[in-house]
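Colleague: Pasting in a structure now, in structure tokens, and then I'll have a few things to ask.
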Amino acid sequence: MSVIIKSFMGIFFFILIVFLGVGMIQYQTEVNQATNYQQDVLRELQNSDFSPKVLNSCILTGTKNKYEVLIDVSLKDGSHTTYTKNSLAVHTEGVVAAYVTVLYKSRLPFLGVETLNSLRGFAR
């Protein structure tokens, strides 16, 4: 009888470890995808010389991918303007740098843990 109980406990703990492992891999995949997206946004902004069309495209693509993208641009005169999905860019003359923030949610489904994370970077 004790062999049966030990066998079932072993199988239970093995399955628990497998589900936790898969959850951690999924969590890390979500983090990697968000990091890659943030790096793509920074690269696109730099390559386009902060074009409003590219800036808006990055924000809207992020929204489609369930990211919230905030782009705070610094102008030559020292002022700042923040662009989000609710206030898109119209013109970006005089932009010297952009501070990009990508907000995203990541989860560990088996444990029911969900966190709001942010990634920040500069484009010049």
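The values are calculated or read from the model by the stated rules, or taken from the named source; none is laboratory data. None of these values were measured; they are calculated from a predicted model. Please note: Cβ atoms are built from the backbone with ideal geometry, for glycine as well, and neighbour counts cover all protein chains shown. Surface accessibility is based on the protein's heavy atoms, side chains included, excluding ligands, DNA and RNA. Shrake-Rupley method; radii C 1.70, N 1.55, O 1.52, S 1.80 Å.
Colleague: Can you find a residue in region 99-108 that is within 30 Å of Phe13 (Cα to Cα), open to solvent by less than 50 Å² (accessible area, probe 1.4 Å) and either polar (S, T, N, Q) or touching a Cys at 6+ places or on another chain (Cβ under 7 Å) (or both)?
Modeller: Yes, region 99-108 contains a residue that is within 30 Å of Phe13 (Cα to Cα), open to solvent by less than 50 Å² (accessible area, probe 1.4 Å) and either polar (S, T, N, Q) or touching a Cys at 6+ places or on another chain (Cβ under 7 Å) (or both).
Colleague: Scan region 42-61 residue by residue and report those that are assigned to a helix (DSSP H, G or I) and either out of contact with any Leu (no Cβ under 9 Å at 6 or more places or on another chain) or polar (S, T, N, Q) (or both).
Modeller: Within region 42-61, the first condition is being assigned to a helix (DSSP H, G or I), and the residues that meet it are 42-47, 52-61.
Leu42, Arg43, Gln46, Asn47, Lys53, Asn56, Ser57, Thr61, listed by residue number.
Colleague: If Glu93 satisfies every condition in (1) free of Cβ contacts under 8 Å to residues at least 24 places away in the same chain; (2) assigned to a strand (DSSP E or B); (3) more than 16 Å from Asn36 (Cβ to Cβ) but one, which is the exception?
Modeller: That leaves (2) as the condition not met.
Colleague: Follow-up question, since we're still on this one. Taking only pairs six or more apart or across chains, which ones have beta-carbon atoms under 7 Å, a first residue in region 20-32 that is touching a residue at least 40 places away in the same chain (Cβ under 8 Å), and a second residue that is open to solvent by 80 Å² or more (accessible area, probe 1.4 Å) and among the aliphatic types (A, V, I, L, M)?
Modeller: Final answer for the pair search is Gly23/Leu111.
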